Amino acid sequence: MIRSSALLAGAAALAALAVPVHAEEADPAAIVGLQFAVSGNHKGVRASGAKGVCLKGSFAPAPDAASLSKAPQFAKTVPVTARFSMGGGNPKISDKTKATTRGFAMRMADPAGDMTFVIISAPVFSTKTPAQLEEFLKVRVPGPDGKPDAEKIKAFAAQNPETGRQAAWLNARPVPASFAGTDYWAVHAYTLTNAKGDKTVAKLKFVAADKAGLSDEELKAKPDSFYADELKERLAKGPARFDLVAILAQPGDPTADVTATWPEEERKTRTLGTLAITAIEPDATCDAATFDPVVDLPDGIAGPADDPMFAIRSPAYAVSLSRRSN
Ligand code: HEM
């Protein structure tokens with residue numbers, strides 16, 4: 001069903017990516033409209049990750065990273081622009097919120113092609129397809145009383161059990177004590193290609209050097225916004241580090257379902273390098289453009305061509321940028 005001219009614009013953007021996506025599932029403008037609606041249509045902010053902190057740092061590859069990928073970022077240390085954020089489009093969301101992912105967007109710069117990851121503090125995303133995301137969001141739009149219909153949410157969850165995995169995962173763990181105190185997952189399956197043309201399918205995880213969660217008591221004592229101050233204090237003492245780890249696929253691992261985990265502890269891993277976040281940057285550095293995890297990848301690393309949740313992120317992020325810039 002064609003909904004509006006925005007669908008055509010979105011479809012054109014998807015076609016430009018040359019990634020196969022089912023047209024009936026690709027309405028990025030409608031999805032982004034719903035993301036804004038769910039959070040109360042705040043102006044001038046992102047549809048997701050509305051509350052966040054812009055950062056800079058560097059990425060230093062591990063000595064053997066180049067044996068897996070010929071991307072320039074795996075051959076030498078490169079500068080990084082990054083942003084930590086809280087999930088959703090509410091710029092006033094409490095940092096104490098449990099069932100919301102913390103986000104981490106980063107651009108590892110190189111003249112031959114930036115390497116961009118936009119990742120979350122959970123190994124899974126909430127939905128498997130854009131059509132499912134649209135429905136997931138629709139039932140969460142607040143009614144005239146300012147609240148979503150709890151019965152509709154319940155019915156959707158019962159029919160789409162995989163959409164509850166992310167919240168269950170987050171609810172089973174403490175709230176991170178810091179944006180830098182939790183691991184982040186790229187959730188999609190990437191293909192790494194080395195100079196010989198050998199390919200390796202892997203999920204990518206940024207492992208925090210200093211993981212820390214808050215007990216219920218500690219959480220109660222915190223104000224609603226404490227991550228930005230905590231980060232300032234932390235970075236004044238030294239960089240916040242994350243190891244980039246590739247979790248290698250085994251035959252049969254799902255590569256086009258971001259609601260499905262691989263059993264990480266049973267998979268071989270390779271450390272590809274270390275990200276060091278060194279300082280806070282003015283918001284303007286992060287707000288002028290999007291971090292586009294689909295288009296902004298260099299030769300040597302590619303996202304999954306058959307995962308419709310991957311391809312649609314590029315036009316969706318562009319729609320959000322144009323709405324928040326106007
Ligand atoms: C599948 C895995 C996904 C992950 C891990 C993810 C993660 C994130 C993160 C961390 C941000 C904040 C970015 C920043 O700080 O600049 C973000 C922003 C956003 N996400 Fe996603 N997202 C995913 C999928 C999607 C999908 C499928 C859509 C919509 C179809 C979507 C729509 C958006 C939008 C519109 C923004 C705001 C972009 C901007 O204005 O710059 N995301 N996402």
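Quick look at the numbers
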read-out: Calculated FRET value between ALA209 and LYS76, using beta carbons and R₀ = 22 Å, to 0.05; value: 0.55
read-out: Segment 184-326, relative contact order [Cα under 8 Å, separation at least 6], %; value: 28 percent
read-out: Spatially proximal lysines relative to LYS232 (Cα-Cα < 30 Å; intrachain offsets below 8 disregarded); value: LYS43, LYS51, LYS56, LYS76, LYS92, LYS96, LYS98, LYS205, LYS211, LYS220, LYS222
read-out: Solvent-accessible area per residue for the chain (1.4 angstrom probe, square angstrom); value: 45 Å²
read-out: Expected 222 nm ellipticity per residue - DSSP helices of 4 or more, -39500 (n - 2.57), all of the chain, to 500; value: -7500 deg cm²/dmol
read-out: Whole-Hz couplings from phi, Karplus 6.51/-1.76/1.60, listed for segment 127-133; x for Gly and Pro; value: 9, 8, 9, x, 4, 5, 4
read-out: GNM top mover of ALA131, ALA105, ALA180 - the chain, alpha-carbon springs below 10 Å; value: ALA131
read-out: Inter-label distance, nm, simple model (7 Å from Cα along the C-beta direction), LEU248/LYS268; value: 0.2 nm
read-out: Under-5 Å amide H pairs with MET108, H placed in peptide plane, nonlocal only; value: MET115, THR116, PHE117
read-out: Stokes-Einstein D (µm²/s) once Rh is taken as the Kirkwood radius of segment 267-326 over alpha-carbon pairs, at 37 °C in 0.692 mPa s; value: 227 µm²/s
read-out: HN-Hα J in Hz across segment 91-104 - Karplus 6.51, -1.76, 1.60, θ = phi - 60°, x for Gly and Pro; value: x, 10, 4, 6, 5, 7, 4, 8, 7, 10, 6, 7, x, 9
read-out: Linear extension gain, ASP198 paired with SER325, 0.36 nm per residue minus alpha-carbon span; value: 41.5 nm
read-out: 12 Å cut-off, amide nitrogen to a point 7 angstrom out along ALA260 Cα→Cβ, residues in segment 177-210; value: 189
read-out: Kirkwood Rh (inverse of mean 1/r, distinct Cα pairs), segment 138-181, angstrom; value: 12.5 Å
read-out: Heavy atoms of GLU218: accessible area, 1.4 Å probe, square angstrom to 10; value: 90 Å²
read-out: Paired Rg and Dmax values of segment 5-325, which use every Cα atom, in angstrom; value: 18.9, 60
read-out: Separation of the ALA168 and ASP229 label points, Cα + 7 Å toward Cβ, nm; value: 3.7 nm
read-out: Debye, to nearest 20: dipole size of segment 236-284, +1 on Lys, Arg Cβ, -1 on Asp, Glu Cβ; value: 280 debye
read-out: Two-site label geometry, LYS98 and LEU219: point separation in nm, points 7 Å out along Cα→Cβ; value: 0.4 nm
read-out: Extended-chain gain in nm, criterion 0.36 nm per residue less alpha-carbon gap, THR285 and ASP306; value: 4.3 nm
read-out: Relative contact order [Cα under 8 Å, 6+ residues apart], segment 5-325, whole percent; value: 25 percent
read-out: DSSP-assigned coil residues among trypsin sites (Lys or Arg not before Pro) in segment 229-326, each with at most 16 further Cβ atoms within 10 Å; value: ARG267, LYS268
read-out: Portion, in percent, of the accessible area of the chain that falls on carbon or sulfur, probe 1.4 Å; value: 55 percent
read-out: Relative frequency of Cα-Cα separations exceeding 18 Å in segment 43-196, percent; value: 67 percent
read-out: Under 20 Å from the Cα of LYS70 - aspartates and glutamates, other chains or at least 8 residues apart; value: ASP110, ASP114, ASP198, ASP243, ASP296, ASP299
read-out: Cα-based radius of gyration of segment 105-151 once divided by 2.2 N^0.38 Å, which approximates compact folds; value: 1.80
read-out: Segment 205-326 - Rg over Rh from alpha carbon coordinates, Kirkwood radius; value: 1.01
read-out: Charged-residue dipole, Cβ positions (Lys, Arg, Asp, Glu), the chain about Cα centre, Debye nearest 20; value: 480 debye
read-out: At 1.002 mPa s and 20 °C, Stokes D of segment 54-145 from Kirkwood alpha-carbon radius, µm² per second; value: 134 µm²/s
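The values are calculated or read from the model by the stated rules, or taken from the named source; none is laboratory data. These figures come from a predicted structure and were not determined experimentally. No Cβ is skipped: glycine too gets one built from the backbone with ideal geometry, and neighbour counts run over all protein chains shown. Side chains are part of the model used for accessible areas, which takes the heavy atoms of the whole protein and leaves out ligands, DNA and RNA. Shrake-Rupley method; radii C 1.70, N 1.55, O 1.52, S 1.80 Å.
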